[in-house]
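Q: For reference, the structure I am asking about is given below.
The values are calculated or read from the model by the stated rules, or taken from the named source; none is laboratory data. Just so it is clear, the model here is predicted, and its values are computed rather than measured. Because the Cβ atoms are built from the backbone with ideal geometry, glycine has one as well, and the counts that use them run over all protein chains shown. Protein only, heavy atoms only, side chains kept; ligands, DNA and RNA dropped before computing areas. Shrake-Rupley method; radii C 1.70, N 1.55, O 1.52, S 1.80 Å.
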Amino acid sequence: MPVRLALAALLASIALGGTACGTGGVAKGGSAQSGKALFTAKCASCHTLGAAGASGKVGPNLDEAFAAMRGSGRSTHFEESTIKQVVADQVKYPAQRDEGVNMPANLVKGSEVDDVAAYVASVAGTQSSLAAAASGGTTQSTNGKTIFTSSCASCHTLAAAGTHGTVGPNLDQLKPAFARVKRQVINGGAIMPAFKGKLTDAQITAVAKYVAAHAGKK
Ligand code: HEC
Ligand code: HEC
């Protein structure tokens, strides 16, 4: 799998001494506290991370990706600072794939990169985060706004939910009616994933109602 290979290659170059070339600086400091809010707003709809209640499935599951690096009796044990560096590098220079969705570059900038990297490094692949991911995180919620924030935010702009994603259309401008949102969430599109089976019928109805009621209203 190319994604795993890219991660392995990056790790190997870090393990062999210093940073990978072209990384644009070592990730240092960073507040995991502010990183959590950034992750929810900018990363959650594409990535699973149990500790953040994120269950996105567009990109790799970050609990699974980093579980092995945490050691747990394995010979390869990486420091948290190394995991942080991998995350920061990915945010600045995402690997580009030939097909499917590519991770957009520079979703967060400057010190926010260190914050989000510190947060992911502090939780990804830990036992409690893996367990939370397995039980589906907070997306058990049937609150439309909560579902929107965790499943749709990083791709769509919706002022009422405070989100600024630009992968999909700006919902404030589109102002889709309930039936249109519901159809799109069930079936997905060319790029947008289908949520049938990932969200329950009640959750799909709730998020469609929420979008139809709030798009363009703030
Ligand atoms: C629009 C969807 C999307 C968003 C938003 C997104 N990612 Fe990604 N991410 C991907 C995809 C697809 C990949 C795999 C391909 C690649 O490496 O670019 C990926 C890969 C990664 C990897 C590497 C994991 C591995 O196993 O190699 C990390 C770490 C990561 N993303 C962190 C983040 C963080 C942190 C954010 C928020 C700042 C974020 N992503 C936002 C889609 C996304
Ligand atoms: C990985 C990015 C991504 C995620 C996550 C995502 N969308 Fe989309 N969305 C898109 C894209 C891209 C389009 C444009 C159509 C296409 O190619 O899929 C779109 C289109 C739409 C449309 C317009 C459909 C139409 O009739 O024109 C609506 C409404 C919508 N999305 C709502 C949502 C809701 C609600 C969620 C969360 C449950 C969500 N999206 C999650 C990327 C995304």
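Q: Which of the residues spanning the stretch 168-193 are open to solvent by 40 Å² or more (accessible area, probe 1.4 Å) and in contact with a helix residue (DSSP H, G or I) (Cβ under 9 Å, 6 or more places away or on another chain)?
A: Within the stretch 168-193, the subset open to solvent by 40 Å² or more (accessible area, probe 1.4 Å) is 169-170, 173-175, 177-180, 182-184, 186-187, 189-192.
Selection gives LEU174, LYS175, ALA177, PHE178, ALA179, ARG180, LYS182, ARG183, GLN184, ILE186, MET192.
Q: Here's a follow-up. Against the condition within 13 Å of ligand 1 (Cβ to nearest atom), surrounded by 15 or more Cβ atoms within 10 Å (Cβ to Cβ) and in a helix (DSSP H, G or I), how does SER129 come out, does it pass? Quick ask: steps written out before the conclusion?
A: Working: within 13 Å of ligand 1 (Cβ to nearest atom): no; surrounded by 15 or more Cβ atoms within 10 Å (Cβ to Cβ): yes; in a helix (DSSP H, G or I): yes.
Answer is no for this residue.
Q: Of ALA190, ALA153, ALA194, which residue is in a loop (DSSP other than H, G, I, E, B), within 10 Å of ligand 2 (Cβ to nearest atom), under 19 Å from LYS218 (Cα atoms) and aliphatic (A, V, I, L, M)?
A: On the way: ALA190 fails: under 19 Å from LYS218 (Cα atoms); ALA194 fails: under 19 Å from LYS218 (Cα atoms).
After applying the criteria, what remains is ALA153.
Q: I've got another one for you. Could you pull out the residue among THR146, THR157, THR126 that is farther than 16 Å from SER55 by Cβ and either without any contact (Cβ under 8 Å) to a residue 12 or more places away in the chain or in contact with a Leu (Cβ under 9 Å, 6 or more places away or on another chain) (or both)?
A: On the way: THR146 fails: farther than 16 Å from SER55 by Cβ; THR126 fails: either without any contact (Cβ under 8 Å) to a residue 12 or more places away in the chain or in contact with a Leu (Cβ under 9 Å, 6 or more places away or on another chain) (or both).
Answer to the check: THR157.
Q: For the stretch 97-117, what are the residues that are of a type outside the set (Gly, Ala, Ser), more than 7 Å from ligand 1 (Cβ to nearest atom) and surrounded by fewer than 20 Cβ atoms within 10 Å (Cβ to Cβ)? Please lay out each step first, then the result.
A: Taking the stretch 97-117 first, the residues of a type outside the set (Gly, Ala, Ser) are 97-99, 101-104, 106-109, 112-116.
Adding the requirement that they be more than 7 Å from ligand 1 (Cβ to nearest atom) leaves 98-99, 106, 109, 112-115.
Result: ASP98, GLU99, ASN106, LYS109, GLU112.
Q: If I filter the stretch 133-159 down to residues being open to solvent by less than 40 Å² (accessible area, probe 1.4 Å) and over 14 Å from GLY56 (Cβ atoms), which single residue comes out as modelled with the lowest pLDDT?
A: SER141
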